[in-house]
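The values are calculated or read from the model by the stated rules, or taken from the named source; none is laboratory data. As the structure is a computational prediction, the values presented were derived from the model and not from experiment. Note that each Cβ is placed from the backbone with ideal geometry, even for glycine, and that neighbours are counted across all protein chains shown.
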Amino acid sequence: MGDKEKMTIIVFSGEMDKAISAFNLAIGGATSGMEVAMFFTFWGLNVIKKNEGGIKSKGIMRKMLNLMNRGGAKRLPLSKFHMLGLGKRMMKKLMKDVNSPQVEELMALAKEFGVKFIACTNTMGMMGISKDAFIPEVDSFAGVATYLAHARESKINLFI
Amino acid sequence: MGDKEKMTIIVFSGEMDKAISAFNLAIGGATSGMEVAMFFTFWGLNVIKKNEGGIKSKGIMRKMLNLMNRGGAKRLPLSKFHMLGLGKRMMKKLMKDVNSPQVEELMALAKEFGVKFIACTNTMGMMGISKDAFIPEVDSFAGVATYLAHARESKINLFI
Amino acid sequence: MGDKEKMTIIVFSGEMDKAISAFNLAIGGATSGMEVAMFFTFWGLNVIKKNEGGIKSKGIMRKMLNLMNRGGAKRLPLSKFHMLGLGKRMMKKLMKDVNSPQVEELMALAKEFGVKFIACTNTMGMMGISKDAFIPEVDSFAGVATYLAHARESKINLFI
């Protein structure tokens, strides 16, 4: 790890609004000279899943979980006002109106500014998600020990 | 920024129980000699909106969003057991029984002890909320760069 | 407080998935040589309540709240996909399949590795929960001042 000030963000939630908040903070950190690592765990793994369907998983239970939980940056629900998707479509429309970037664009920006994306292997195992379910932008697959090694060196640690 | 130890709290959630937790932590920090800044973003903006209705916003979508999302410290839902408002009324009753201060009183206390209230301009833009929708206790309007400048100098940073 | 690096986790949520995340982080911290304190507040108090029912509380409102909110590590809901308990049973099954420890086992592990469990007296008062409602593994009962004393000395502070 370098000499830059560091920041970590655990993305536990798979909701669009929380993902937007997480990426905005990460981009802000990176553009102000910090080294930022995002750790995606539990429902947060949905944020960095591929948008295409057809992810293979073993066992009927995992198949069901992965179907209900398909993920991909385009499919994230809102944490509030979901209302059969209406709230989400409204929010997306509002964001477009003010030229606010969508989750996918924020993700691309974060990558461009050097933010590291790390997928939590513990929850991947538990939920039966394999590495090929994720977008290629994921930098590494690691567990809680890696997170802690980053976090204890960081000025800012957030759980979102 | 002064010589005091610092603390930041991002208030992302607009729920009563989380707001209570956030203000209790902020008040605790301030009374134990820390410099505390609260950054209200997304649904957390509801916590610092005026209680009166009639907030003007442009466009039918923003009008709808702001209607459903009126905010004001008196109107915050619970994160659990909302049950058509019953859970919330029950919680308020319980809090009164033990002389536990309500959100509005906690907010006033926090101000009295010098806690800074900062509204996130990024989400204000996205959700079409203008400055006059907020209570006068808001100290400033700022974006993620201001948050990061505070957070990297702080001993405690929380996302609620 | 000793010379070890410190970590604090506020467990606000009473949901199974968030509790798993909190205990995994705490165990990770403790096994990598950190001194970890977990502060259970609001719905997070459910995580450290005894599994047996019949907790006495004064007043019909508190009785109702405690009935709906019985808690105990075996009873925690999921933050997503609750679906009348189906999502939770599915998650538990998945965790068993991959030999992932359940909340109760994680809690026991955390204790074994010296993680401190602290119950928030402020919310206990508000919700009318007395000390005998909690499992004996709880180390102490304390308020926000104790949390802040720990957190300002800590390298990692999370709100879950």
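Across region B:125-153, the number of residues qualifying as under 12 Å from B:PHE40 (Cα atoms) and buried (at least 20 other Cβ atoms within 10 Å of the Cβ) comes to 3. Among the residues making up region C:91-106, a single one is hydrophobic (A, V, I, L, M, F, W, C) and not in a helix (DSSP H, G or I): C:VAL98. Considering region B:14-43, the residues that are within 11 Å of the chain's Cα centre (by Cα) and part of a loop (DSSP other than H, G, I, E, B) include one that is farthest from the other protein chains (Cβ to nearest Cβ), namely B:GLU15. Pairs linking a residue in region B:94-117 that is free of Cβ contacts under 8 Å to residues at least 60 places away in the same chain and under 21 Å from B:ASN46 (Cα atoms) to a residue that is of a type outside the set (Val, Ile, Thr) and outside any helix (DSSP H, G or I), with Cβ atoms under 6 Å and 6 or more positions apart or on different chains, are B:GLU104/B:ALA73; B:LYS111/B:GLU137.
In region C:110-124, is there at least one residue being surrounded by fewer than 17 Cβ atoms within 10 Å (Cβ to Cβ), assigned to a loop (DSSP other than H, G, I, E, B) and modelled with pLDDT of 90 or more? Within region C:110-124 (the criterion being surrounded by fewer than 17 Cβ atoms within 10 Å (Cβ to Cβ), assigned to a loop (DSSP other than H, G, I, E, B) and modelled with pLDDT of 90 or more), the answer is yes, since at least one residue qualifies. Among residues of region B:133-155 that are away from chain A (no Cβ under 14 Å), those with a Cβ under 6 angstrom from a residue that is in a helix (DSSP H, G or I) and not basic (Lys, Arg), sequence gap 6+ or separate chain, pair up as B:PHE134/B:ILE48; B:ILE135/B:ILE48; B:VAL138/B:ILE48; B:PHE141/B:THR121.
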